[in-house]
1. Anything in the range 79-101 that is crowded, with 23+ Cβ neighbours inside 10 Å and part of a loop (DSSP other than H, G, I, E, B)? List them, or say none.
2. Please state which of the following conditions Ala67 fails to meet, knowing it meets all the rest: (1) in a loop (DSSP other than H, G, I, E, B); (2) crowded, with 22+ Cβ neighbours inside 10 Å.
3. Which condition breaks for Met76 when tested against (1) within 27 Å of Glu9 (Cα to Cα); (2) part of a loop (DSSP other than H, G, I, E, B)?
4. Residues that are farther than 18 Å from Pro96 by Cα and within 18 Å of the chain's Cα centre (by Cα): find the strands (runs of 3 or more DSSP E) completely inside the range 107-185 holding 1 or more of those.
5. Which numbered condition in (1) within 25 Å of Thr91 (Cβ to Cβ); (2) in contact with a Leu (Cβ under 8 Å, 6 or more places away or on another chain) is the only one that Arg146 fails?
6. Can you confirm whether the range 188-203 contains a residue that is farther than 27 Å from Glu69 by Cβ, in a loop (DSSP other than H, G, I, E, B), at pLDDT 95 or above and more than 18 Å from the chain's Cα centre (by Cα)?
Amino acid sequence: MSRLAGKFEELAKSGRKALIPFITAGDPHPDFTVPMMHAMVKAGVDVIELGVPFSDPMADGPVIQRASERALAHKMSLRRTLAIAMEFRKTDQQTPIVLMGYLNPIEAMTYEGFANAAQRADVDGVLTVDLPPEEAEECTALLKARGIDPIFLLAPNSSDERIKKMDAIGSGYLYYVSLKGVTGAGHLNTADVEAKLQQIRANTRLPVGIGFGVKDAETAKTLAALGDGVVVGSALISKIEGNLDDFERAKSEIIALLASMREAMDTLPEIR
């Protein structure tokens, strides 16, 4: 059983939901990322999505785009992101790490070269935003052969057929994009999310994490009641962007937000 599958099974048994933060590797500085990851674990997160900086992050809003720009200014790359994951693993063998990024750097490394490097870094999952399931079988086979979960994005307009396709070739969890548009945008309609989750549940056996538009503890609690996990990214990176002259304050504000989300999510009734 993979770390991700084990984590979601453990959470389900305890009636809790996964808190999944996203940060961009190397933002605001490469030395910030590993200590931030460890601090987030202490704050109660369950899985870490580690963003691979990319020059054209088309699914991301301006907050995460600027995070990539700051990281790229420090010469961050896919290989250096994997090195960060490897450094984190030296003292944390339990927390699942999911790399989230775009296809171009993976293709530059080759699918097999990337799969081997991700295995060496002890990465647990890979979410490639612009690799649709219809074109992913070669890459997913290489990842699965190395015990790495390929994770796919579900959109508000995903059909039953597409959900079943992602269920068939994906593993770990599915990431439901709860808003149309880019990260950090829009206003959540929880009734729409609830209706979509019913459709998704009917077509997959995998846990479902809900992201895009998660800004505070109340939103996290609301979405946790609907899915198996909540993904928060732009709200965290905004804390970094607001404290570029004080990294420790940025870390403190991120931890405070995550702790408030964890507390709110844990007040949900347990589901056995």
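The values are calculated or read from the model by the stated rules, or taken from the named source; none is laboratory data. Computed from a prediction, not measured in an experiment: that's the story for all the values here. Neighbour counts are summed over all protein chains in view; Cβ atoms, including those assigned to glycine, are modelled from backbone coordinates with ideal geometry.
1. Pro96
2. Only one criterion in (1) in a loop (DSSP other than H, G, I, E, B); (2) crowded, with 22+ Cβ neighbours inside 10 Å is unmet by Ala67, namely (1).
3. Looking at each condition in turn, Met76 falls short on (1).
4. 149-154, 174-177
5. (2) is the only condition that Arg146 fails.
6. Looking for residues that are farther than 27 Å from Glu69 by Cβ, in a loop (DSSP other than H, G, I, E, B), at pLDDT 95 or above and more than 18 Å from the chain's Cα centre (by Cα), one finds at least one in the range 188-203, hence yes.
Per-residue answers, yes or no, for (1) in a helix (DSSP H, G or I); (2) surrounded by 24 or more Cβ atoms within 10 Å (Cβ to Cβ); (3) at pLDDT 95 or above:
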{"residue": "Met40", "(1), (2), (3)": "yes, no, yes"}
{"residue": "Val45", "(1), (2), (3)": "no, no, yes"}
{"residue": "Pro53", "(1), (2), (3)": "no, yes, yes"}
{"residue": "Met58", "(1), (2), (3)": "no, no, no"}
{"residue": "Ala71", "(1), (2), (3)": "yes, yes, yes"}
